[in-house]
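First comes the structure, then the notes that go with it.
None of the figures in this text is laboratory data; all of them are computed from the coordinates on show. Keep in mind that this is a model prediction, so the values were computed, not measured. In this analysis, Cβ positions are derived from the backbone assuming ideal geometry, glycine residues included, and neighbour counts consider all displayed protein chains.
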Amino acid sequence: MSETTQLRVMDFDCPSCASTVERALANQDGVENVEVHYATGRVEIEYDDNVADPATFEQTIENQGYTPQPA
Amino acid sequence: MDTQSVKQYYRKHRQAIIVAVSGLLYAGGWSLGYISTFDTASAAILILAAIVGGYDIAKTAYHEIKSRTLGIKTLVTLAAAGAIVIGSYWEAAAVVFLFALGSYLEGRTMRKTRNALEELLEMTPDTATVRRDGKQKEVSAREVEEGEIVIVKPGEKIPVDGDVVEGESAVNQAPVTGESAPVHKANGDEVYAGTINQEGSLEVRTTGSGTDTTLQRIVQRVEEAQEAQSPTESLIDRFAKYYTPGVIALSIGAYVVTQNAILSLTLLVIGCPGALVIGPPVSIVSAIGNAARSGVLMKGGEHLERAGKIDLVAFDKTGTLTKGETAVADVAGFDAKAGDVLELAAIAEKKSEHHLGDAILEAAQDRPAAVTDGGAATGQADTNPALTEARSVPNPDDFDVVAGKGVIAHHDGREIVVGNRKLLDERDIKIPEEVGDYVREREERGETVVHIVRDGVVIGAIAMRDELREAAPGVVQELQDAGIETVMLTGDNERVAAAVAEEVGIDDYRAELLPEDKQAVIEEYRKDGHVVAMVGDGINDAPSLATADVGIAMGAAGTDTAIETADMALMADDLKRIPYAVTLSKATRWNIYENVGLAVLTVSLLLAGVLTSYVTLALGMLVHEASVLAVILNGMRLLRY
């Protein structure tokens, strides 16, 4: 089943930082679609919940050096 | 403090701590180096400063490279590593520290911009008092079901969207409409989640809760608008795709020619398109956020940039410049009783949905006594016909609408025509001189007059008035002061239009327009090279709003169609927001230009400085970060416009 979740990253400091996070999330198994918006800090992830674990999304964002919070 | 809270504190302020530690190490290393006897120690401390400040940057750079993107963090890491390799420890530490400090400040200020909407969402309370099984119960606001009765005490925020079923109060709707003057709410009135009940206790039947409320939808739309790329943004994004590789090529080329590693690293750092790519989104997010808090919903950067070029604003007359509460001002009978004229007109108009027809019907229904010739029969617009004892008006036998002209109906074996001069001319009905005089006199006061014809003979006329909004003349003046041309579009005839136009002080007017004519007029203005904004109610005027460069819908809070079709939607029915919205758009457009200009100027100056060896690596980084911060702060001015 395809699920959608939202997170919020308030500390993006440049538009390309948002693109980097977007790519990192998209590279995860089971992630079908990711949108990361620099302007609002909104992160929207569409994933297959049989494959992907939403708990890892926050870890991925943290690995990139940003602080995720619930949307 | 136990370790847990220390950890939490560190997580929360990690970036600030890193910047501070790196800064202190840098200062220490630099001072040691200045004293000059501790060369190795100084170098070690400076390298440590670079590592502390640069660890996160390098980590992100690693991910950037892994995902085959080339971002600023990769460039900074390269520059710092390169500086260490060639022994310029001081430069390495300075670059890293300045970049970390800059990023920290930029993240912090951007957070403020992003938070503009949070304030709106925080307006909605978490809990609601509902009546379940005859008892009052406090539940989570999200769980309130449609149709449930919610009790809102004075001073409380309303937790759901709904209709008032009990009680009366004044409600501050600023979170939704941006209008801080309280609005009176009584039985049957709509209230919105997040607005504040100021006076009496209200019982509200829920129509939407949780994420299905007007406020939530507004916030969602505002976010979508902020995320949508404006033309300038897409242009810069396309440019940046070539620009960054270009900078790298330039830097390599510079090294090949000059063999100067520091020079080519400096080129890398100052070449980052930071201020250029950040400027436009910050301006747009700030402007849209500000507008949202004032009850103006802007659809996105594209519309905002276009709105910044508006040089002509066309207003629909009825309901926009006027209150849209048409009421009968006078009924005149000619060889007939005024009461009969009104009655007959009401029968003919009973099935019509035109606002003039409604006014006639209303006047006939709550006519207190017989209307005398020329006497005023004012149908109070806000009296609810359902509440007062309404006189019943018989149905017509049949009924036809002639769009933009009037109606033709039959009743009791007689033909009734209610319409304007065009309709009468079309049907070869002669208008007696005294009727013509009466009509002219009323029209010169800005009233709309219809003739009532029974079996081909004019027996009377009804004059109707739609009061001008108090704010209208001031708003028109404000737009004119801003150098914007103003035009009024109306279906009324020339004389009425001229009278109203003069009262408002508008530059020009177009009269006797059918709905499709309005679209044509706007098309015409656009062909003449104007950038046209059209202001209307968003429902009847939807086609002309869509034709205009920028369609502005008024009073859109409850109507999703209006929000959908318009480029800008004013939540409140408040004309005064128009000059604000238009001038904010203009300010935003300038702001974007300023930011792009500043960014280009900075990079050009730095480039010239580097090539002539005036600008060092650290100075280049300092100026670069300062320009990014300047651009963000400049964009944020729009939050306080």
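For a straight C-alpha distance cut-off of 29 angstrom, the lysines reachable from B:LYS153 (same-chain residues fewer than eight places away being disregarded) are B:LYS135, B:LYS137, B:LYS185. Sorted fewest first by neighbouring Cβ atoms within 10 angstrom, B:ILE248, B:ILE278, B:ILE484 come out as B:ILE248, B:ILE484, B:ILE278.
Note on the protein assembly as shown: dipole from Cβ charges, positive end direction compared against B:SER234, B:ALA630, B:ALA608; the farthest Cα belongs to B:ALA608.
Evaluate the Debye formula for the stretch A:2-70 with equal point scatterers sitting on the alpha carbons, no solvent, and hand back log10 of I(q)/I(0) at q = 0.15, 0.20, 0.28 Å⁻¹, in q order, two decimals. Taking Cα atoms of the stretch A:2-70 as identical point scatterers yields -0.38, -0.69, -1.36. Applying the Karplus relation 6.51 cos²θ - 1.76 cosθ + 1.60 with θ = phi - 60° to the stretch B:163-177 yields 3J(HN,Hα) values of 10, 5, 10, 8, x, 9, 6, 9, 10, 7, 9, 3, x, 9, 9 Hz, where x marks Gly and Pro. Normalise the Debye intensity by I(0) for the protein assembly as shown, one equal point scatterer per Cα, no solvent, then take log10 at q = 0.07, 0.09, 0.10 Å⁻¹ and round to two decimals. Treating every Cα as an identical point scatterer, log10 I(q)/I(0) equals -0.64, -0.91, -1.03. Our summary of shape: the Cα atoms of the stretch B:600-641 have principal axis extents of 41, 17, 8 Å, ordered from largest down, in whole angstrom. Listing B:ARG454, B:ARG510, B:ARG414 from fewest to most neighbouring C-beta atoms within 10 Å gives B:ARG414, B:ARG454, B:ARG510. In sequence order, the stretch B:321-335 has phi-based couplings of 7, 9, 6, x, 10, 5, 9, 5, 9, 7, 10, 10, x, 10, 6 Hz under the Karplus curve 6.51 cos²θ - 1.76 cosθ + 1.60, θ = phi - 60°, and Gly or Pro positions carry x.
Kirkwood hydrodynamic radius, computed over distinct alpha-carbon pairs, for the stretch B:430-559: how many Å, to one decimal? Across the stretch B:430-559, the inverse of the average 1/r is 16.4 Å. Only Lys, Arg, Asp and Glu carry charge here, each on its Cβ (+1 for the first two, -1 for the last two); on that basis the protein assembly as shown has a dipole of about 3820 debye about its Cα centre.
In whole Å, how far is the Cα centre of the stretch B:269-321 from that of the stretch A:9-71? Result: 27 Å between the Cα centres. Ordered by the count of other Cβ atoms within 10 Å of each Cβ, fewest first, B:MET110, B:MET123, B:MET464 give B:MET123, B:MET464, B:MET110.
Just checking the listed ones, A:ALA39, A:ALA24, A:ALA55: in the Gaussian network model of chain A with Cα springs under 10 Å, the one fluctuating most is A:ALA55. For chain B, calculate the relative contact order in percent as a whole number, restricting contacts to Cα pairs under 8 Å that are 6 or more residues apart. Relative contact order, chain B: 14 percent.
Karplus-derived 3J(HN,Hα) values for the stretch B:591-599, using 6.51 cos²θ - 1.76 cosθ + 1.60 with θ = phi - 60°, are 4, 5, 4, 4, 5, 5, x, 4, 5 Hz; glycine and proline are entered as x. Centroid-to-centroid, using Cα positions, the stretch B:9-80 and the stretch B:186-258 are 33 Å apart. Taking amide hydrogens as placed 1.01 Å from N in the peptide plane, the amide H of A:ASP11 sits under 5 Å from those of A:THR67, each at least 5 positions away in sequence or on another chain.
Of all lysines in the structure, the ones whose alpha carbon falls short of 29 Å from that of B:LYS518, not counting any fewer than 8 places away in one chain, are B:LYS299, B:LYS309, B:LYS317, B:LYS323, B:LYS350, B:LYS351, B:LYS405, B:LYS422, B:LYS527, B:LYS576, B:LYS586.
Based on the reciprocal of the average 1/r between different C-alpha atoms, the Kirkwood radius for the stretch B:518-578 equals 11.3 Å.
Determine one quarter of the surface area of the Cα convex hull of the stretch B:257-316, which equals its mean projected area, and express it in nm² to one decimal.
For the stretch B:257-316, averaging the hull's shadow over all directions gives 7.1 nm².
Size descriptors for the stretch B:31-148, from the alpha-carbon set: Rg then Dmax equal 26.2, 86 Å.
Taking one quarter of the surface of the C-alpha convex hull of chain B gives a mean projected area of 38.8 nm². Computed from the Cα positions only, the extents of the stretch B:527-614 along the three principal axes stand at 65, 30, 21 Å, in decreasing order. Between B:VAL85 and B:GLU502, the simple spin-label model (points 7 angstrom out along Cα→Cβ) gives 8.3 nm. Its Kirkwood hydrodynamic radius, worked out from the mean inverse distance over all distinct Cα pairs, puts the stretch B:10-56 at 10.8 Å. For chain B, the mean residue ellipticity at 222 nm estimated from helices alone is -17000 deg cm²/dmol, where every DSSP H run of n ≥ 4 contributes -39500 (n - 2.57) and the total is divided by all residues, rounded to the nearest 500. Each Cα pair under 8 Å and six or more residues apart adds its separation to the average, and for the stretch B:11-115 the resulting relative contact order is 29 percent. Calculated over the stretch B:125-212, the projected area of the Cα convex hull averaged across directions stands at 4.9 nm².
Around the amide H of B:ASP507, modelled in the peptide plane, lie the amide H atoms of B:THR486, all under 5 Å away and 5 or more residues distant in sequence or on another chain.
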